[in-house]
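Have a look at the structure below before the remarks.
The values are calculated or read from the model by the stated rules, or taken from the named source; none is laboratory data. Here the structure is a predicted model, which means the values were calculated and not measured. All Cβ positions, even for glycine, are placed from backbone atoms using ideal geometry, and neighbour counts span all protein chains on display. The area values use the complete protein model at the heavy-atom level, side chains included, leaving out ligands, DNA and RNA. Shrake-Rupley method; radii C 1.70, N 1.55, O 1.52, S 1.80 Å.
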Amino acid sequence: MFRYLACLAVAAPVASAAQWYEEMQVGPARSDTFEDQFHGETRVGALKGILVNLGDGYKVLFDTETLRVATAYKGEFKWGGTPWTGEHGPLLSLKDEGAIFQTAATPGWQNPAGNFDDIREIPGFGNLDYAHYLGYYRHGNVITFHYEVRGADVLETFSRDGSTIVLSYQIGNRDNELVLAVADEKGDFTVGGDMASAKSADGLAVTATGGVKLAADAGRLLAEIPKGGDTLNFQIALNRGGDAKPTAAPDFKELTSGGDAIWPKIIETKGTVSGGSDAPYVTDVATLPEDNPWKANLRFGGFDFIDEDSAALSSWNGDVWVVRGLKGTEWSHLKWQRIAAGLFQTLGVKVVKGKIYVHGRDQITELIDLNGDGEIDYFKCFNRDTIITAGFHEFAFDLQTDDAGNFYISKAAPVRSGGRGFDQIQPHHGIVAKISADGKKFEILATGLRAPGGLGIGPDGLITTGENEGTWQMACKINYFHQQDGPVFLGTEPSRGALTDAPYHEPLCYLPMDVDNSGGSQVWVPKDADFGVPAGSMLHLSYGQSSIFEVLPVPRKNGGVQGGVVKLPISLQSSAMRGRFHPDGSLFVLGFRGWQTNAATECAFQRVRHNPDVTVLVPDKVAYSEKGILLTFPVKLDQELAEDPASYGAERWNYVRGPQYGSGEFSVDHPDVEAEKMALQKESKDHHVHDTAEIESAKLSADGKTVEIGIVGMKASHTLKVTYDLEDTDGAVIKGEFDGTVYKD
C-alpha cells in the first residue's frame with residue numbers, strides 16, 4: 001500500500017492526526033528518564049531528568065542526580081514510554097544529533113578529592129554525598145534549579161539569546177573552590193588569555209562572567225568558582241558556530257518569589273449524584289475537567305483531601321489538580337484548578353497539615369505556592385533517596401502516612417518488556433519504604449515485591465500492599481505485615497535485596513485472577529463511619545477488576561494472619577486504585593485505565609455512599625475450624641436454608657511458587673508431584689485442577705448469624721472458594737462467595 005501511494009506523485013500529502021501526548025501542554029519543565037545521543041552513541045542522558053523548554057525548539061536537559069546539564073539542543077524528542085505511547089521499554093529520546101553542548105555522564109561538580117569520579121555507592125545511580133538537589137522554582141515559564149554543592153547554596157537558571165544558551169548562577173558562601181564541568185567535546189578546548197573565553201575544535205564557543213575562570217582538560221571544559229563568603233553571580237554562555245554572548249543577569253530574588261500563573265483558568269463541572277435507591281451502596285461521580293485548554297490527559301492515580309471541601313489529585317502523566325466543591329451532596333459546582341504539571345509519573349498524594357506532597361518515580365515532592373495564586377511555584381525535594389533505573393515497569397506507587405507523620409511508599413521491580421523476568425535490579429526495586437516525617441531518613445521495610453499497585457497503613461503498625469501475578473509471584477495477593485516484623489521478604493527473588501536469609505513472608509491471602517488480577521490500595525473503615533460493614537474493617541481495592549472487597553482476616557497459631565475477601569456490591573465507572581474516607585463517612589475512590597483492567601472508562605473520581613436503610617448482605621467475619629469454615633453475617637439467617645449443605649459449594653487448589661510467570665492451579669487432595677515439579681521449569685498457567693470439597697454439614701449458631709460449614713477433609717490450601725445461596729429471616733437473598741487462604745498453622 002505504501003509503495004502504491006508513493007507512486008502517486010501528484011497526490012496531496014495526508015497530514016497524520018497528532019497524538020494526545022503530542023498536544024498535551026505541560027509547561028516549561030518535564031520530568032522523566034531521557035535518552036540522548038552523546039558523541040554519536042545512544043545513552044541514558046538522565047535517569048531523573050528535567051527537560052526545560054526555552055522556546056522555539058530549544059531545550060536543556062538537567063540531570064538532578066549528577067547536577068549537570070546533560071544536553072542543550074534545538075529539536076524535538078521521540079515519544080516513548082508506557083504513560084505516553086503505551087510501549088514497554090522505549091524512553092523519551094531527545095532528537096539532539098546537533099546538540100549545542102553536552103556533558104559526559106559523570107557528576108557535574110568536582111568532589112572533595114578534586115576529581116569528577118563517580119564515588120556513589122553504586123556508580124551511575126543515586127544521590128551524590130557532597131552535593132544535593134533541593135528542588136526547582138517556576139516563575140512564569142522560567143525554571144530555576146536549587147541545590148547545594150559542598151555546603152554552598154546554588155541557584156541555576158537557563159535563558160537563550162538566539163542560538164546562544166546562557167547558564168546563570170547564584171552561589172552563596174563557599175568554604176572551598178568549586179569546579180563545574182561545563183561541556184565535553186570530541187575535540188580539545190582552547191582557553192583564551194583572559195581565562196573567560198574558550199573555544200573547542202568542534203566550534204563550541206564559551207564565555208564566562210563574574211570572575212569565574214575557564215580551564216581546559218583536553219575535551220572537557222571546566223569553570224573554576226573561587227571560594228568566598230560573598231554571594232557570587234555569574235554566567236556561562238555557550239554557542240556552537242557563533243559568538244557566545246551573555247545576556248542580562250537574572251534577578252534571582254524575583255525568580256524565587258513566585259511568578260504569574262500559567263494555567264489561570266478555573267474549570268467548572270457538575271457531578272453526577274445518585275438519587276434514591278434500594279441498593280446498599282450508591283456511587284456519585286465527580287465529572288473530570290477533561291475538556292481543558294491544555295489538553296491534559298487526566299489519568300489520576302493519587303489523591304488526598306485538603307479539607308472537607310477540596311482534594312488534590314495527581315496523574316500518571318505528571319499533572320496535579322485541586323478540586324473544590326466536594327462538601328455536601330449536590331456537587332453542582334465542582335471547580336478544578338491545574339496547579340502543577342510535568343512531574344514524573346505521580347501515582348501518590350498525601351496532604352499533611354495543609355501541605356501537598358506527591359510521590360513520583362524520582363522523589364517525594366512538596367508543592368509550595370509562594371504567592372497565593374494556587375499554582376505551584378516551588379517544587380521542593382522532600383526525599384529522593386530511591387534509586388531508579390530506566391526500567392519502564394518500576395512504577396512508584398501510592399503515598400501514605402502514619403499517626404507520627406512518617407511517609408510510606410511502595411516501588412515496583414523493573415519487569416522486562418512482555419512481563420517475564422526482570423531488567424537490572426537495584427536495591428530499591430520491589431520495596432516498601434518508610435521516610436521519616438522530616439524527610440531525612442529512608443528505611444526499607446519490605447523487599448521482594450513485583451508490582452504492588454498500592455499500599456495501606458493500618459492500625460498498630462500494620463502495613464499492607466497489593467501484588468500482581470508474575471515472575472516469582474504465583475497469584476495476586478494481599479501482603480500483610482507489621483513494622484515490628486520487618487524487614488520482611490515478600491517473594492520475588494530478584495528483588496530480595498539484602499534480605500538474603502529472610503524466609504518468604506506469606507500473604508494474608510492469594511486471590512484468583514477472576515477475583516483480582518491487579519491489586520490497588522487498602523483502606524480501613526473509620527470508627528465513626530456508617531459504611532455498611534463494621535468499623536475498623538479493612539477494604540482492598542482492585543485495579544484490575546474495578547472492585548472493592550472487604551478483607552476478613554483470621555489469626556494463625558504462629559502469630560501470623562490468614563483469611564480472605566468478599567466482594568462488596570459497589571459499581572464503579574473505572575478501576576479502584578486509591579481510596580480515602582471523607583469526614584462525612586463516604587468513601588472516595590480513584591482509578592484510571594493504563595494497563596490491564598476491566599475499567600469501563602479512562603478515569604473516574606467517585607464517592608461511594610452506604611444507603612443506611614439497606615443492610616450489606618455479605619459476611620463480616622470468618623473463622624476456620626478443624627471441621628471447616630465459619631461465616632458470620634450481619635443479619636439472622638433463615639435456618640432451613642442455612643443448615644442445608646446444598647446451600648453451599650466449595651473448591652480448593654494450590655499454586656507453585658517459582659521463577660516462572662505466575663502458576664497453574666494444582667490439586668490439594670491429589671497432588672501431582674511431576675506437574676508441580678515441571679511448573680518450576682516452565683510456565684504452568686494452562687494447568688487447572690481444582691478439588692471439589694464436599695460439604696458434609698451446616699450448623700447455625702444460637703444467634704442465627706453464624707453458620708459453621710463442615711467441609712470433608714478440611715485442610716490447608718492456597719485458595720479456598722466457598723459459595724453460599726441463602727436468605728435472611730425476612731426472605732432477602734444472600735448470595736455470594738468467599739475467597740481465602742488456609743495455612744497449616
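Observations, loosely collected:
- Whether the chain is rounded, prolate or oblate, judged on the alpha carbon gyration tensor where a/c under 1.5 counts as rounded: prolate
- Within the accessible surface of the range 448-488, defined with a 1.4 Å probe on protein heavy atoms only, the carbon and sulfur portion equals 45 percent.
- Qualifying lysines (Cα of each under 24 Å from Cα of LYS270; at least 8 residues distant if same chain): LYS295, LYS327, LYS335
- Within the shell defined by Cβ-Cβ distances under 12 Å, the residues around THR464 carry a net charge of -1, with Lys and Arg each +1 and Asp and Glu each -1.
- For the chain, the dipole from Cβ point charges (+1 on Lys and Arg, -1 on Asp and Glu) about the Cα centre works out to 1340 debye, to the nearest 20.
- Restricting the range 364-458 to trypsin sites (Lys or Arg not before Pro) that sit in a DSSP loop and have at most 15 other Cβ atoms within 10 Å of their own Cβ leaves ARG416, ARG420, LYS440, LYS441.
- Dipole-positive endmost among GLY736, ALA693, THR719 within the range 673-745 (Cβ charges, Cα centre): THR719
- For the range 471-563, with +1 on Lys and Arg beta carbons and -1 on Asp and Glu, the positive-most of HIS540, VAL515, PRO555 along the dipole: PRO555
- Local electrostatic count at ILE368 - Lys and Arg +1, Asp and Glu -1, tallied over other residues with Cβ under 11 Å: -1
- This model, with +1 at the C-beta of Lys and Arg and -1 at the C-beta of Asp and Glu, gives the range 338-487 a dipole about its Cα centre of some 300 debye.
- In the chain, taking the dipole from charged Cβ atoms about the Cα centre, the farthest positive-side position among GLY374, PHE116, TYR504 is held by PHE116.
- Computed in the context of the full set of protein chains, the accessible area of the range 264-306 at 1.4 Å probe radius has 48% of its extent on carbon or sulfur.
- Three-way shape call for the range 206-295 based on the alpha-carbon gyration tensor, with the a/c threshold at 1.5: prolate
- Nearest-0.05 FRET efficiency for GLU696 and ASP438, computed from C-beta distance (R0 60 Å): 0.55
- Restricting the range 659-705 to trypsin sites (Lys or Arg not before Pro) that sit in a DSSP loop and have at most 10 other Cβ atoms within 10 Å of their own Cβ leaves LYS682.
- Judged by the ratio a/c of the largest to the smallest principal axis of the C-alpha gyration tensor, the range 539-662 counts as oblate, that ratio being 1.5 or greater while a/b is no larger than b/c.
- Per residue, in Å², the accessible surface of the chain once ligands and nucleic acids are set aside, probe 1.4 Å: 39
- Charge tally for LYS685 (other residues, Cβ to Cβ under 13 Å; Lys, Arg +1; Asp, Glu -1): -2.
- Per-residue ellipticity at 222 nm from helix content only, as computed over the chain with -39500 (n - 2.57) for each DSSP H run of at least four residues, stands at -500 deg cm²/dmol.
- Taking each of LYS477/LYS699; LYS380/LYS434; LYS557/LYS621; LYS527/LYS744; LYS621/LYS744 in turn, the alpha-carbon distance tops 22 angstrom for LYS477/LYS699; LYS527/LYS744.
- Restricting the calculation to alpha carbons of the range 412-455 gives Rg and Dmax of 12.2, 39 angstrom.
- Placing +1 on the Cβ of every Lys and Arg and -1 on the Cβ of every Asp and Glu, with no other charges, gives the range 27-134 a dipole of roughly 240 debye about its Cα centre.
- In a DSSP loop and with at most 10 other Cβ atoms within 10 Å, there are no chymotrypsin sites (Phe, Trp or Tyr not before Pro) in the range 143-174.
- Averaging the Cα positions of each part gives two centres, and for the range 470-532 and the range 695-745 these lie 24 Å apart.
- Residues in the range 251-285 reached by a label modelled at ASP373 [backbone nitrogen below 20 Å; 7 Å Cα→Cβ]: 251-268
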